[in-house]
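Everything on this sheet refers to the single structure shown next.
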Amino acid sequence: MNTSILISILITFLVIILVLYLINMLPIEGRAKQIVRIVVIIIGVLSLLKYLAIY
């Protein structure tokens, strides 16, 4: 059971990194890009907390 949680956390972390990379490649202005990055990070942290059964 612990390995499945660890794998889920790792996959979530990799997806967050991939989405942040793809956002960096988008041709949008700096302020909007920063807002989207913050939203992705918040969603990622919440999903990681869900896997750790904190939230």
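Some observations on this one:
- The listed residue being surrounded by 11 or more Cβ atoms within 10 Å (Cβ to Cβ) and hydroxyl-bearing (Ser, Thr, Tyr), out of Ser4, Ser47: Ser47
- Every pair of residues 6+ apart whose Cβ atoms lie under 7 Å, when the first sits in the stretch 1-28 and is over 17 Å from Ser47 (Cα atoms) and touching a residue at least 12 places away in the same chain (Cβ under 8 Å) while the second is β-branched (Val, Ile, Thr) and surrounded by 11 or more Cβ atoms within 10 Å (Cβ to Cβ): Ile23/Val36; Ile23/Val40
- Some residue of the stretch 8-25 being exposed (fewer than 11 other Cβ atoms within 10 Å of the Cβ) and in a loop (DSSP other than H, G, I, E, B): no
Read-outs throughout are calculated quantities, based only on the coordinates presented, and are distinct from any laboratory measurement. Quick caveat: nothing in here was measured; it's all calculated off a predicted structure. With ideal geometry, Cβ positions are generated from the backbone for all residues, glycine too; neighbour counts draw on all protein chains shown.
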